[in-house]
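What follows is a set of notes on a single structure, which appears directly below.
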């Protein structure tokens with residue numbers, strides 16, 4: 001399923017402002033997620049992890065691929081072995097958990113450590129959500145749900 005407009009904008013803005021890039025492993029993950037969800041060009045059209053994004057035909061498809069790429073970049077950043085988790089990582093884990101993801105023991109440890117380093121703005125559990133208004137609510141099905149629907 002495609003992200004709602006609010007989530008699309010928030011995810012892209014966050015990635016851009018945090019300086020996330022979609023290179024190497026991020027591009028490979030983005031392509032894998034997109035193709036698994038049936039979004040974008042098929043694997044047969046190109047083997048290049050960068051070229052496939054350029055083959056998107058419609059504006060809506062390009063936006064969806066950009067969102068998937070931003071999510072992939074967040075995933076890679078969050079999993080980096082020497083990365084110290086902060087509020088953005090905790091928010092990302094909460095976002096995944098809201099969509100049915102079950103955090104690993106390592107992720108729970110990272111969340112607990114982030115809470116001790118930061119103030120109350122970090123969620124106390126992966127499924128604790130911050131209050132949002134209807135207009136601000138970026139809820140949508142996860143990439144994984146989209147993959148299941150396409151299967």
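Could you list, ordered by first residue, the pairs with Cβ atoms under 8 Å in which the first is in region 1-27 and assigned by TED's automatic domain parsing to the domain that holds residue 66 and the second is exposed (fewer than 12 other Cβ atoms within 10 Å of the Cβ), at least 6 apart or interchain?
Pairs found: 1/149; 2/60; 6/135; 6/136.
Please tell me if residue 75 is modelled with pLDDT of 90 or more and assigned to a helix (DSSP H, G or I).
Yes; evaluated as a whole, the condition is true for this residue.
If you take the residues of region 96-108 that are outside any loop (DSSP other than H, G, I, E, B) and in contact (Cβ under 8 Å) with a residue 24 or more places away in the chain, which of them is surrounded by the most Cβ atoms within 10 Å (Cβ to Cβ)?
Residue satisfying both the conditions and the ranking: 96.
Does region 2-12 contain any residue that is at pLDDT below 80, assigned to a helix (DSSP H, G or I) and exposed (fewer than 14 other Cβ atoms within 10 Å of the Cβ)?
No, region 2-12 contains no residue that is at pLDDT below 80, assigned to a helix (DSSP H, G or I) and exposed (fewer than 14 other Cβ atoms within 10 Å of the Cβ).
With the structure loaded, tell me whether residue 146 is modelled with pLDDT under 90 and under 19 Å from the mean Cα position of the chain (by Cα) or whether it fails that test.
The answer is yes for residue 146.
Restricting attention to region 75-90, which residues are without any contact (Cβ under 8 Å) to a residue 60 or more places away in the chain and touching a helix residue (DSSP H, G or I) at 6+ places or on another chain (Cβ under 9 Å)?
Matches in region 75-90: 75, 76, 77, 78, 83, 84, 85, 86, 87, 89, 90.
Looking only at region 55-65, count how many residues are under 13 Å from residue 35 (Cα atoms) and touching a residue at least 40 places away in the same chain (Cβ under 8 Å).
So the answer is 1.
Read through the list (1) surrounded by 13 or more Cβ atoms within 10 Å (Cβ to Cβ); (2) modelled with pLDDT of 65 or more, then give the number of the only condition that residue 54 fails.
(1)
On the given criteria, is residue 99 outside the structural domain of residue 13 (by TED's automatic domain parsing), closer than 28 Å to residue 40 by Cβ, modelled with pLDDT of 80 or more and out of contact with any strand residue (DSSP E or B) (no Cβ under 7 Å at 6 or more places or on another chain)?
Yes; evaluated as a whole, the condition is true for this residue.
The values are calculated or read from the model by the stated rules, or taken from the named source; none is laboratory data. Values in this document were obtained by computation on a predicted structure and should not be read as measured data. For neighbour counting, all protein chains shown are included, and Cβ atoms are generated from backbone atoms with ideal geometry for every residue, glycine included.
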